[in-house]
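Asker: One structure is given below, represented as structure tokens, and several questions about it will come after.
Nothing in this text is a laboratory measurement; each read-out follows from the coordinates by a stated rule. Owing to the predicted nature of the structure, the values given are computational and were not obtained by experimental measurement. Every residue, glycine as well, gets a Cβ built from its backbone with ideal geometry; the counts of neighbours run over all protein chains shown.
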Amino acid sequence: MELAAYLQEKREIIDQYLTEKLPSEKEAPALIHRSMRYSVLNGGKRLRPILTLMTAELLGKPYELVLPAAAGIELIHCFSLVHDDLPCMDNDDYRRGKLTNHKVFGEAVALLTGDALLVLGLEYIRQNAEVEGVSKESAVKAIQKTLEMLGTRKMLGGQIDDINWQLQKQSEAKIIDIYLKKTSALICAALEIGGLLAQANVGELSALHSFGEKIGLAFQITDDVLDFEKDKKSPDKPSYPATFGIKKSLAEIKRYCREAKESLSLFENKAKYFLELVDYVQYRKE
Ligand code: GRG
């Protein structure tokens, strides 16, 4: 199967799971449930949960083994986007081509929607312990890994550094540190919980972590290049391309993509879709 068809198939699996499992808009308190569904069922690429499903398959297990956890990771991603868009953070009006949550529901509801998605995301990951074939021990490890990747030393820490990023030039090492935390950490969680639930060994887990860090960096710099090219006139938001220029950014994306591929060498040709996904990240235009 071609990568595009594979991604589409997996995206539909995630979308169907979330559509069925998220609390209905009719269930009280209806407002928060409507708002949660608004910010989840809105056409995201589902890259992170797809990585969780892909990891199970890479390890020779069916994707069903990790489906609740994959959906949980997507809810946590959606939570981070709702909060990131708030006026007190990035103050964005649009997300996934639609008005941001706070533009539709107001700031108080958006804040609580993010909270609700985080809590429910963690709950879905916990529910993966009930899937047949998953050991309790690996389920606990998956929850631990998720919490580790969300805390102040990882994703939350990256976001606080990002919002305090002043207009003055930051060192390259500092910018990379911020990207590793705010973007790579959740991608690493997506991969590593897939690995833990599917009984990956220590070497495989470490390869998945390294892949997540590199692909996360390439993904975030590409995201910033696309933003920068769209809105060159207002580089009010500091970023890698705003600091180091497009040419260096593209060279670094290429390097991180090459290193991401190298991280998976122990999986040999089983990692075919992962390697093709790296090319997709390197050349994506949206
Ligand atoms: C973890 C407790 C805790 C707090 C989170 C708000 C926040 C703190 C972090 C935000 C981090 C953030 C928004 C990083 C940007 C990551 C990024 C490149 C998002 C875009 O991802 P895509 O392109 O989006 O995969 P879609 O819409 O396709 O899902």
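Asker: Starting from 0.36 nm per residue, how many nanometres of slack lie between Y283 and L250 once their C-alpha separation is accounted for?
Answerer: Stretched out fully, the Y283 to L250 stretch lengthens by 10.9 nm.
Asker: Moving on to the next point. Highest mean first, how do 64-71, 132-139 rank when packing is the count of other Cβ atoms within 10 Å averaged over residues?
Answerer: 64-71, 132-139
Asker: Nearest 0.05, what FRET efficiency do E172 and N269 give at R0 = 30 Å with Cβ-Cβ as r?
Answerer: 0.30
Asker: Let me ask another. Which of the DSSP-defined H helices in the chain satisfy a minimum axial length of 24 Å, computed from C-alpha atoms, and a minimum mean Kyte-Doolittle hydropathy of 0.0?
Answerer: 67-85, 107-127, 202-230
Asker: Hey, another quick one. Could you rank the peptides 145-151, 209-215, 44-50 by their average count of other C-beta atoms within 10 Å per residue, with the highest value first?
Answerer: Per-residue mean Cβ counts within 10 Å order the peptides as 209-215, 44-50, 145-151.
Asker: With a point put 7 Å past each Cα toward its Cβ, work out how far V131 is from E25 in nm, to one decimal.
Answerer: Going from the V131 label point to the E25 one covers 2.9 nm.
Asker: How much length is gained if the chain between Q16 and N91 is pulled fully straight, taking 0.36 nm per residue apart and subtracting their Cα-Cα distance, in nm to one decimal?
Answerer: Taking 0.36 nm per residue and subtracting the Cα distance, the gain is 24.0 nm.
Asker: Related question: Using helices alone, what [θ] at 222 nm do you get for the chain, with -39,500 (n - 2.57) per DSSP H run of 4 or more residues, divided over all residues and rounded to the nearest 500?
Answerer: -22500 deg cm²/dmol
Asker: Amide H neighbours of R95 under 5 Å, at least 5 residues apart or on other chains, H built in the peptide plane: list them.
Answerer: Counting only residues 5 or more places away or on other chains, the set is T100.
Asker: For the residue pair E107 and Q199, what label-to-label distance in nm results when each label sits 7 Å from Cα along the Cα-to-beta-carbon direction?
Answerer: 5.1 nm
Asker: Filter the cross-link list K10/K214; K45/K272; K61/K103; K181/K270; K98/K136; K98/K272 down to pairs whose alpha-carbon distance in this structure exceeds 31 Å.
Answerer: Check vs 31 Å cut-off fails for K61/K103; K98/K136; K98/K272.
Asker: Using alpha carbon centroids, what distance separates region 49-126 and region 191-267, in Å?
Answerer: First find each Cα centre; the distance between them is then 19 Å.
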